[in-house]
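Notes for the one structure printed next.
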Amino acid sequence: MALRVCRYESINEARDALHNLGVDPVGIACMTPKMRHRCVLIRKVEPKAANIIKQDMLSLGADAAVARGTVECSIPYTDVILMGTLKQLRLATEKFKRQPFGIKKIASDLSAALSFEEKERFEIKYRGGSLVLGEKTQIMGILNTTPDSFSDGGRFLDPEVAIERAVQMADEGAHIIDIGGESTRPGSSPVSLDEELKRVIPVIKKLAKNLDIPISIDSSKAEVAKRALDVGAAIVNDISALRADDQMAGLVAKAGCPVILMHMQGAPGNMQKNPVYASLIDEIIAFFEENINIATRAGIDSDNIIIDPGIGFGKRLSDNLQIINRVDEFKALGKPLLIGPSRKSFIGEMLGDKEEDRLEGTLAASVLSMARGVQIIRVHDVKEAVRAAKISDAILKSS
């Protein structure tokens with residue numbers, strides 16, 4: 001057959017297709033953004049502004065959807081969905097810059113969103129090295145030095161056993177080891193500072209001398225993070241997004257280390273008691289916008305912030321599925337993405353399996369997340385995830 005419908009998911013794919021066709025380099029630069037169609041949602045626009053936006057989009061051969069009542073301005077606000085190629089959207093930003101009624105601000109936001117959406121490579125710098133994200137999926141291995149974590153509680157409470165498991169995960173291809181000393185399973189209770197320190201510091205101290213990959217401290221306590229960084233940890237993974245301890249943001253800023261901000265509705269003790277969202281993705285994005293601003297105002301390097309939508313943390317089954325399916329929408333924040341679906345209860349709800357039997361569900365969720373642009377996958381089963389990522393990365397980067 002001489003005709004087929006093609007799909008180009010990235011700028012690189014589109015560029016390679018034109019190059020393979022033998023297109024002139026000048027033509028490649030011109031046509032690449034025309035080969036990728038995007039929809040952009042803008043919330044709460046005044047009708048008079050929305051009407052101008054729609055006319056500008058139509059003038060470019062693109063379009064914009066608005067609510068009924070916008071034309072006659074009989075409603076106070078409307079959401080707007082822009083529909084066009086990257087080329088048309090870029091041209092639209094130039095038109096919007098010259099318009100009144102707050103459209104100049106929309107132009108600025110649209111320009112930033114397009115820039116973030118096209119960004120395919122990040123470099124996260126930590127003491128002693130850096131992580132390049134986007135070239136291949138990074139696998140974060142989970143090490144819980146706790147007696148009560150939902151999946152592996154008690155298995156690695158002994159420091160020597162924990163160290164042995166961390167070394168094993170590194171040998172299996174893990175790019176980061178994430179060590180936590182306090183269970184955050186649904187319904188869990190906090191542990192004391194002394195107890196958490198006793199669980200994680202000896203393990204991190206020894207591993208830092210023997211591993212070539214970065215260690216992440218999974219804690220919401222600033223003192224635990226500080227002590228962990230002092231003995232060799234390189235990344236702070238805070239499930240509270242710096243909110244649980246008012247000293248954490250300042251500590252991370254002073255240390256100059258990468259930080260992972262996670263979304264959670266409520267706290268581990270109550271997060272799964274009827275979590276409800278009016279608009280799931282919108283609310284999580286708004287949460288990150290607020291907390292990224294808090295982090296940067298505290299002095300944290302914007303380039304060292306990673307975001308995690310928080311699978312299983314104050315989420316229903318449908319919420320978890322929607323997050324994975326729409327995780328690429330978080331690219332608008334311009335930060336690397338981390339997803340942690342490993343052995344989570346939503347997999348058990350669907351398959352009826354116990355925690356140790358959720359490997360296939362974990363890999364399915366992980367691979368779909370990779371396909372949608374997630375750079376870091378946090379898992380218990382490192383060997384299997386590394387192998388799945390190797391194949392997924394090769395497929396996604398083929399042309």
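No value in this document is a laboratory result; all are computed from the given coordinates. Bear in mind that the values here come from a model prediction, so they are computed numbers and not experimental data. Glycine also receives a Cβ, built like all others from the backbone with ideal geometry; neighbour counts cover every protein chain displayed.
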Fill in the blank from the handout: log10 I(q)/I(0) for region 163-220, Debye formula on C-alpha points only (no solvent), q = 0.30 Å⁻¹, two decimals, reads -1.24
Handout entry: Normalised convex hull volume, region 1-54, alpha-carbon set, Å³ per residue
Key = 130 Å³
Completion exercise
Per the charge dipole of the chain (beta-carbon charges, Lys/Arg positive, Asp/Glu negative, Cα centre), the residue among Ile142, His380, Leu82 reaching farthest to the positive end is Leu82
Exercise for the section: Label region 99-146 by shape, choosing from rounded, prolate and oblate, from the square roots a ≥ b ≥ c of the eigenvalues of the Cα gyration tensor; if a/c is under 1.5 it is rounded, and otherwise prolate applies when a/b is larger than b/c, oblate when it is not. Expected result: prolate
Handout entry: Under-5 Å amide H pairs with Gly310, H placed in peptide plane, nonlocal only
Key = His263, Gly340
Handout entry: Packing-based ranking, highest mean first, of 208-218, 99-109, 21-31 given that Cβ atoms within 10 Å are counted
Key = 208-218, 99-109, 21-31
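By how many nm would the segment from Ala364 to Phe101 grow when fully extended, if each residue of separation counts as 0.36 nm and the alpha-carbon distance is taken off?
Gain in length upon complete extension: 90.1 nm.
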Exercise for the section: With r as the distance between the Cβ atoms of Glu283 and Asp357 and R0 = 45 Å, compute the FRET efficiency 1/(1 + (r/R0)^6) and round to 0.05. Expected result: 0.90
Problem - Length released on extending from Cys73 to Ile294, taking residue separation times 0.36 nm less the Cα-Cα span - result: 75.9 nm
Problem - Reduced Cα scattering model of region 17-86, Debye log10 I(q)/I(0), q = 0.13, 0.22 Å⁻¹ - result: -0.48, -0.86
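Can you check what the Kirkwood hydrodynamic radius comes to for the chain, Cα pairs only, in Å to one decimal? Please list the in-between numbers first.
Values: mean 1/r = 0.0440 Å⁻¹.
Mean inverse Cα-Cα distance, inverted, gives 22.7 Å.
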Exercise for the section: Normalise the Cα radius of gyration of region 272-399 by 2.2 N^0.38 Å (N = residues in it) and let me know the number. Expected result: 1.10
Handout entry: Whole-Å distance, taken between Cα centres, linking region 335-354 and region 43-105
Key = 38 Å
Practice task
Using only the alpha carbons of region 40-134, determine the length spanned along each of the three principal axes and report them from longest to shortest in whole angstroms.
Solution key: 60, 26, 22
Fill in the blank from the handout: At q = 0.12, 0.13, 0.21, 0.23 Å⁻¹, the log10 of I(q)/I(0) for region 257-331 from a Debye sum over equal Cα scatterers comes to -0.34, -0.40, -0.94, -1.07
Practice task
Could you work out the equivalent-ellipsoid semi-axes for region 166-276, taking the square root of 5 times each eigenvalue of the Cα gyration tensor, largest first, in whole Å?
Solution key: 24, 16, 14
Handout entry: Kirkwood-based Rg to Rh ratio, region 93-191, C-alpha trace
Key = 1.26
Handout entry: Rg/Rh ratio calculated on Cα atoms of region 292-342 (Kirkwood radius)
Key = 1.03
